[in-house]
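Undergrad: The following block contains the structure, expressed as C-alpha cells.
The values are calculated or read from the model by the stated rules, or taken from the named source; none is laboratory data. Since the model is a prediction, treat every value here as computed from it, not as a measurement. Heads up, the Cβs are rebuilt from the backbone with ideal geometry, glycines too, and the neighbour counts pull from every protein chain shown. SASA here: full protein model, heavy atoms, side chains in, ligands and nucleic acids out. Shrake-Rupley method; radii C 1.70, N 1.55, O 1.52, S 1.80 Å.
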Amino acid sequence: MLKSGLKWMFLIMGTTIGAGYASGREIWQFFGPDSVLAILLFALLFSICCFVIMTISYEYGTVHYIPVLQTLLGRKLTSVYDIMIVLYLFTTTVIMLAGGGAALEMIKIPYWAGIGIISGLVICLFLWDIKGLLSMNTFIIPVLIILLIGVLGVFFFSDQNSTSSSLWRLHEKWPAALTFTAFNILALVAVLSGVGSEIKHKGEIWIASVGSGVILGAISLLYNQSLLQVSNDMMLYEIPLFAILKHYPYYMVVVMSALLWSAIYTTAASGVFGLISRVREYFNWPLWLLALVFVLAMVPLTKFGFATLIAVLYPIYGVLNLYILAAILIYPIAKRYRLS
C-alpha cells in the first residue's frame, strides 16, 4: 500500500511541478510577500482536492475523467468541461514541447532537434503502457524535489537578510490559495481519473493526497521565502530561480537547467497521458501509438506563438477552474447530505 501510495503521489507531483512551478515563476506570480498562511491553506486545499478526485476515481474504477466530471458537475456541464480539458491538455502540452526545444538550445542543440528529442522521449515512455509514466515519475520527481529543496534550503538558511512575511496577514493573500489550487485542477482531474482502475486500496489515496499536499506546501513555502530574499533582482531574470542561482557556481546553473527540462518533460508526459486516457476506450491501440498520433498533431503547432491563444483561453480556464474547485470542495458535504 505504501509503495502504491507513493507511486500516485509522484504522479500528482509530476503533473503539478511543471516548468512554471520549478522555475519559481508560478510561485512568485501567485504568492509573494505575506503569503505564509495562504501557502498553508493551498496545501490543505490541494490535499482535499486530490483526495476527492482519487476517491471518486477509485469508487468508479475510472480510466478517464468523464465519470468524475459527471459525479461532480452533472451531465450537462460535463460536456463543456470535456472540451475545455482536451483544449487545456493539448495547448499546455504543445507549450511544453516548444519549451523543451527552446531549453535545449542553451546547450547548442537546434530548436527543432530539441523538440524532436522531447517528443521522442514522451512517445517512448508509453511503450511500457502506464507503467512507463509511473516509473519515470518515481525516478525523476524525487531527484527533482531533493535538488530543489537542497538549493533553496542552503540559500534560505545561509542568508537571513530576508524580508519577514507576517503569519497573520491571511486577509491580504488568502485568495491566492484558491486561485493557485484552481490553476492545477484541470490537469489533476484528467490525470488522476485515468488511474482510478489501478488504485487497489483507499489507504493509497490517503498517502498520495496528504503526502503531495504536505510536500508541495513545504516546497512552495521555502521557494516563496527564498524569492523574497532576491525580490530586488527579480526584474532582471525571466526565470526567478536564476536570481537565486547567481549565488551558486556555474555548474549548479547547468544542473538546475536540467531540472527545469525534466519538469517540462514530466508535464508534457502527463498532458499526453490525460489525452490518451480520454480516447483510448474508442481505439484498441497501444498507448505509444496514441501518444505518437497526439505528438505528431502537436509538433507543427510549436512554431506558432501561443500568446494570443493563452490570452483567450486562460481567463476562461480560470473561471471554470474556480467552479470545479468549488464543486470538489463541497462534494464530501453534499454526498453526506444525500446519504443522510
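Undergrad: Give region 112-151 a look and list any residue that's aromatic (Phe, Trp, Tyr) and closer than 30 Å to Leu227 by Cα, or say none.
TA: Phe139
Undergrad: From the list Gly99, Gly153, which residue is small (Gly, Ala, Ser) and surrounded by fewer than 22 Cβ atoms within 10 Å (Cβ to Cβ)? Break it down stepwise before answering.
TA: On the way: Gly99 fails: surrounded by fewer than 22 Cβ atoms within 10 Å (Cβ to Cβ).
Checking each option against the conditions leaves just Gly153.
Undergrad: Of the residues Thr92, Thr62, which single one is open to solvent by less than 30 Å² (accessible area, probe 1.4 Å), among the polar types (S, T, N, Q) and outside any helix (DSSP H, G or I)?
TA: Details: Thr92 fails: outside any helix (DSSP H, G or I).
That would be Thr62, the only listed residue that is open to solvent by less than 30 Å² (accessible area, probe 1.4 Å), among the polar types (S, T, N, Q) and outside any helix (DSSP H, G or I).
Undergrad: Continuing with this model, one more query. Just a yes or no: is a residue in region 292-300 modelled with pLDDT of 90 or more and open to solvent by 80 Å² or more (accessible area, probe 1.4 Å)?
TA: Yes, some residue in region 292-300 is modelled with pLDDT of 90 or more and open to solvent by 80 Å² or more (accessible area, probe 1.4 Å).
Undergrad: Of everything in region 240-258 that's among the aromatic types (Phe, Trp, Tyr) and in a helix (DSSP H, G or I), which residue is nearest to Tyr21 (Cα to Cα)?
TA: Per the criteria, the residue is Phe242.
Undergrad: Right, another one. Pick from region 24-59 the residues that are among the hydroxyl-bearing types (Ser, Thr, Tyr) and in a helix (DSSP H, G or I): which of them is nearest to the chain's Cα centre (by Cα)?
TA: Residues of region 24-59 among the hydroxyl-bearing types (Ser, Thr, Tyr): 35, 47, 55, 57-58.
Those still in the list that are in a helix (DSSP H, G or I) too: 47, 55, 57-58.
Details: Ser47: 14, Thr55: 19, Ser57: 18, Tyr58: 21 Å.
Within region 24-59, the match that is nearest to the chain's Cα centre (by Cα) is Ser47.
Undergrad: Listed residues Ser79, Ser47; which is of a type in the set (Gly, Ala, Ser), in contact (Cβ under 8 Å) with a residue 12 or more places away in the chain and either surrounded by fewer than 23 Cβ atoms within 10 Å (Cβ to Cβ) or touching a Lys or Arg at 6+ places or on another chain (Cβ under 9 Å) (or both)?
TA: Details: Ser79 fails: in contact (Cβ under 8 Å) with a residue 12 or more places away in the chain.
None of the others qualify; the one that does is Ser47.
Undergrad: If a residue has to be under 15 Å from the mean Cα position of the chain (by Cα) and of a type outside the set (Gly, Ala, Ser) to count, how many in region 215-228 make the cut?
TA: Selection size over region 215-228: 3.
Undergrad: In region 259-288, what count of residues is obtained for those that are among the hydrophobic types (A, V, I, L, M, F, W, C), modelled with pLDDT of 90 or more and either open to solvent by 50 Å² or more (accessible area, probe 1.4 Å) or not in a helix (DSSP H, G or I) (or both)?
TA: Qualifying residue count, region 259-288: 2.
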